[in-house]
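Here the structure is laid out as structure tokens; the discussion comes afterwards.
The values are calculated or read from the model by the stated rules, or taken from the named source; none is laboratory data. Just so you know, these numbers come straight off a predicted model, no measurement behind them. Neighbour counts are summed over all protein chains in view; Cβ atoms, including those assigned to glycine, are modelled from backbone coordinates with ideal geometry. Remember, those area values only see protein heavy atoms, side chains included, never the ligands or the DNA or RNA. Shrake-Rupley method; radii C 1.70, N 1.55, O 1.52, S 1.80 Å.
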Amino acid sequence: MHEKKRMEELISDLISHVAKTHVKTSNNEYELVQIHLMLTQMKTQNKYLYDHNEKLMQRISALEQSVKYSDVEKKFRKARL
């Protein structure tokens, strides 16, 4: 009888341990999914910022060319006067 009670206690302890381990595993899996989601969002944001930066660089280049053209045009007009 005593052996049976001890066996039940051990099985109960084992079930408790498995349940706690399962909860920890579930929490870790959830955190991993959240980290993966954040990484995906960061990659998307990085691509957007990279593309936006490229467009800004093109606009800056166009403005610089416009300023250079304007300066040349001003010099040409002064030379003609």
For this session: Would you check which residues across segment 1-32 are hydrophobic (A, V, I, L, M, F, W, C) and open to solvent by 100 Å² or more (accessible area, probe 1.4 Å) and list them?
Result: M1, M7, L14, I15, L32
Problem set entry | I35 vs. criteria over 34 Å from the mean Cα position of the chain (by Cα), open to solvent by 80 Å² or more (accessible area, probe 1.4 Å) and among the hydrophobic types (A, V, I, L, M, F, W, C) | no
Exercise. Would you call S70 surrounded by 10 or more Cβ atoms within 10 Å (Cβ to Cβ), at pLDDT below 95 and within 33 Å of the chain's Cα centre (by Cα)?
Worked result: no
